[in-house]
């Protein structure tokens, strides 16, 4: 899925390349923040009427299933590692609270910080 998204963005030319010093090396989309907007622009390039809605809906389903998968993996790991029943139950409730707080913070923060938190989460899961 990630390779297909990257190819769509590259083939349609709907991207910007930031210069680490300042400004842009390539700027095909002025005033567009890096992130899912590139994918929306790429899909809308070929499907102007449904492109934005399709990407938004697909991203919502992808985010939901990713959160559910990470929760399942983490709870299974806690259940496997946990020895005492009371201790394991407490850790599972802490995990549930952590997932809810992380979801709230991800929904209310900027896209850049949400992606950074997501990268941290993937690193921790690995």
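Can you name the number of the only condition in (1) modelled with pLDDT under 85; (2) under 15 Å from the mean Cα position of the chain (by Cα) that residue 56 fails?
Checking residue 56 against (1) modelled with pLDDT under 85; (2) under 15 Å from the mean Cα position of the chain (by Cα), the one that fails is (1).
When you go through 44, 79 one by one, which is the residue that is assigned by TED's automatic domain parsing to the domain that holds residue 28 and either within 26 Å of residue 3 (Cβ to Cβ) or part of a helix (DSSP H, G or I) (or both)?
Of 44, 79, the one residue that is assigned by TED's automatic domain parsing to the domain that holds residue 28 and either within 26 Å of residue 3 (Cβ to Cβ) or part of a helix (DSSP H, G or I) (or both) is 44.
Among the residues of region 17-55, what is the count of those that are out of contact with any helix residue (DSSP H, G or I) (no Cβ under 8 Å at 6 or more places or on another chain) and either surrounded by 10 or more Cβ atoms within 10 Å (Cβ to Cβ) or farther than 20 Å from residue 115 by Cβ (or both)?
Narrowing region 17-55 to residues out of contact with any helix residue (DSSP H, G or I) (no Cβ under 8 Å at 6 or more places or on another chain): 17-28, 30-31, 37, 48-50, 53.
From the residues that got through so far, the ones that are either surrounded by 10 or more Cβ atoms within 10 Å (Cβ to Cβ) or farther than 20 Å from residue 115 by Cβ (or both) too are 17-19, 21-28, 30, 37, 48-50, 53.
So the answer is 17.
What number goes with the only condition from (1) over 27 Å from residue 126 (Cα atoms); (2) in the same structural domain as residue 125 (by TED's automatic domain parsing) that residue 99 does not pass?
(1)
Within region 64-73, can one find any residue that is within 28 Å of residue 16 (Cα to Cα), assigned by TED's automatic domain parsing to the domain that holds residue 121 and either at pLDDT 85 or above or within 21 Å of the chain's Cα centre (by Cα) (or both)? Even if it seems obvious, please write down each step before you answer.
At the first step, the residues of region 64-73 found to be within 28 Å of residue 16 (Cα to Cα) are 64, 66.
From the residues that got through so far, the ones that are assigned by TED's automatic domain parsing to the domain that holds residue 121 too are 64, 66.
Among the residues that remain, those that are also either at pLDDT 85 or above or within 21 Å of the chain's Cα centre (by Cα) (or both) are: 64, 66.
Within region 64-73, one or more residues are within 28 Å of residue 16 (Cα to Cα), assigned by TED's automatic domain parsing to the domain that holds residue 121 and either at pLDDT 85 or above or within 21 Å of the chain's Cα centre (by Cα) (or both).
The values are calculated or read from the model by the stated rules, or taken from the named source; none is laboratory data. From a predicted model like this one, the values you see are computed outputs, not experimental measurements. Note that each Cβ is placed from the backbone with ideal geometry, even for glycine, and that neighbours are counted across all protein chains shown.
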